[in-house]
Amino acid sequence: MTLPLTGGCLCGAVRYSVSAEPVMQAVCHCKNCQRQAGSAWSMIAGVPEAALKITGEPRTYEDHGESGAPVLRQFCGTCGSPLFSHVAAAPGLVFIKAGTLDDTSGFAPQMQFWTKSKQHWVDLGAVPAFEKTPG
């Protein structure tokens with residue numbers, strides 16, 4: 001991926017830039033990501049929180065993972081686009097919803113997780129798969 005990474009919501013009220021390469025790129029099939037994305041999965045890129053600069057004011061919804069730990073899901077309060085997730089189990093990282101990147105051509109998932117709840121018709125081929133989050 002070419003730095004800086006830039007992106008934003010559908011209406012442009014929230015924009016962001018990232019000055020560091022993602023430490024991971026993945027597809028999440030968990031039911032909460034499916035509901036938030038309104039899709040079969042969520043494409044995410046984990047980046048160091050310190051490398052993320054945001055303009056605009058995303059709203060936050062506190063969700064909880066299967067462990068009960070908080071997952072802070074941030075979205076645009078105007079257009080509703082999902083943008084970022086902060087997961088208690090991954091301090092210091094922010095997970096960007098990769099579909100909000102201005103240029104998604106560099107997105108290449110290294111893994112897929114929560115495949116135990118993936119849609120039956122989804123087949124991501126050779127992308128390594130985990131029934132839950134790899135630990």
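Residue check: is VAL94 modelled with pLDDT of 95 or more and within 27 Å of LYS116 (Cα to Cα)?
Spelling it out, VAL94 is indeed modelled with pLDDT of 95 or more and within 27 Å of LYS116 (Cα to Cα).
Quick one: would you say ALA50 is in contact (Cβ under 8 Å) with a residue 40 or more places away in the chain and either crowded, with 18+ Cβ neighbours inside 10 Å or of a type outside the set (A, V, I, L, M) (or both)?
no
Those residues that are hydroxyl-bearing (Ser, Thr, Tyr) and more than 14 Å from the chain's Cα centre (by Cα), I need them from region 7-23; list them, please.
SER17, SER19
Quick check on region 122-133. Is at least one of its residues exposed (fewer than 12 other Cβ atoms within 10 Å of the Cβ) and in contact (Cβ under 8 Å) with a residue 12 or more places away in the chain?
No: zero hits.
Can you run down the residue pairs with Cβ atoms below 8 Å, 6 or more apart or on separate chains, where the first is in region 22-40 and free of Cβ contacts under 8 Å to residues at least 60 places away in the same chain and surrounded by 18 or more Cβ atoms within 10 Å (Cβ to Cβ) and the partner is of a type in the set (S, T, N, Q) and assigned to a strand (DSSP E or B)?
Listed by first residue and then by second, the contacts come to GLN36/SER42.
The values are calculated or read from the model by the stated rules, or taken from the named source; none is laboratory data. Note that the coordinates shown come from a computational prediction; the quantities given were computed from them, not determined experimentally. Note that we place each Cβ from the backbone using ideal geometry, even for glycine, and neighbour counts take in every protein chain shown.
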